[in-house]
Amino acid sequence: MDMEELTKSQIVLLTLFVSFITSIATGIVTVALMNQAPPVIAQTVNRIVQQTVEKVVPASQQAGTGKTVVTEQTTVVIKESELISQAVERVAPSIVRLYSGPKDAPLFLGFGIVLDAEGMIVTDSDSLGESAEATIVIANGSSTRAFVRQRDSKSGLAYLLVATSSTSQPLSFSSATLAAEHPVLGQSIVGLYGKSVLRIAAGLVIALVQVGEGRTQLVIETDIPVASIAPGSPIINTDGAVVGISTGVSRASSLSGFVSASALFKQAPQSAGSDN
């Protein structure tokens, strides 16, 4: 059939058909390209929060009886970079560094996480070696000694309690928030490291592995570079809660693995009653 012989209706229908075929082809190509893209690129950059505002109009202003509810929706766009910066700011006061040796030449051992206001700290047991104490430096630069209260071989965690002194000014500790639930595959997490300056490394949860005797210890595998992980380094979620801790046990399973923070709820000793 000659195109010049088509009626106006036939031309309109042909145009709609071509547009339909083109849109399907475009969708197929887009999905194929997204499946080939790396996870970091395909990951959502922004989070959209919708806030519903209800406005109640009095019945006296309506023609009938009852009341009318007018709903207005306001869309607020929150960048993930803002969530990360807020999360790091929230957890930073709860992160301490552990050292050994003389004050003029201290040896960096790793990181610790403050669990309560009394100065209970959890860290990687391997970072301490056989030592029963360490010097800790809190976020404001103050330092004090801390003594090992308990070690757990299953998780590779060690718990220390700061020394008490009647002559020195007591230090103030800010306890970290622990994630109450296990992370999920693909969840965004942030690792903290840096011997002198706090640094961050963003990543994703890529696997959840049960290890140890009876497979009772959860290790969170991530894609955070090994160079960005120190003994006792924590990973946090975008709410600023600690999700996991790097220990010898987790690194034996995966160099970029972290023991789940859920282990702390079961194993952490009480601060009261220290013998040191």
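The values are calculated or read from the model by the stated rules, or taken from the named source; none is laboratory data. Quick caveat, the model's predicted, so the values are computed rather than measured. With ideal geometry, Cβ positions are generated from the backbone for all residues, glycine too; neighbour counts draw on all protein chains shown.
Go through V114, V148 for me and flag whichever is more than 24 Å from the chain's Cα centre (by Cα) and surrounded by 15 or more Cβ atoms within 10 Å (Cβ to Cβ).
When all the criteria are applied, what remains is V148.
If Q150 meets every condition in (1) touching a Pro at 6+ places or on another chain (Cβ under 6 Å); (2) within 29 Å of P225 (Cβ to Cβ); (3) touching a residue at least 60 places away in the same chain (Cβ under 8 Å) apart from one, which number is that one?
The single condition Q150 does not satisfy is (2).
Give the residue, chosen from G203, G186, that is in contact with a strand residue (DSSP E or B) (Cβ under 7 Å, 6 or more places away or on another chain), surrounded by fewer than 13 Cβ atoms within 10 Å (Cβ to Cβ) and over 19 Å from V96 (Cα atoms).
Answer to the check: G186.
Here is a list: T222, T247. Which entry is modelled with pLDDT of 95 or more, within 22 Å of L161 (Cα to Cα) and crowded, with 22+ Cβ neighbours inside 10 Å?
T247
Can you name the residue in the range 225-244 that is closer than 25 Å to A134 by Cα and in contact with a helix residue (DSSP H, G or I) (Cβ under 6 Å, 6 or more places away or on another chain) and is also surrounded by the most Cβ atoms within 10 Å (Cβ to Cβ) among such residues?
G232
State the number of residues belonging to the range 176-226 that are part of a helix (DSSP H, G or I) and of a type in the set (D, E).
1
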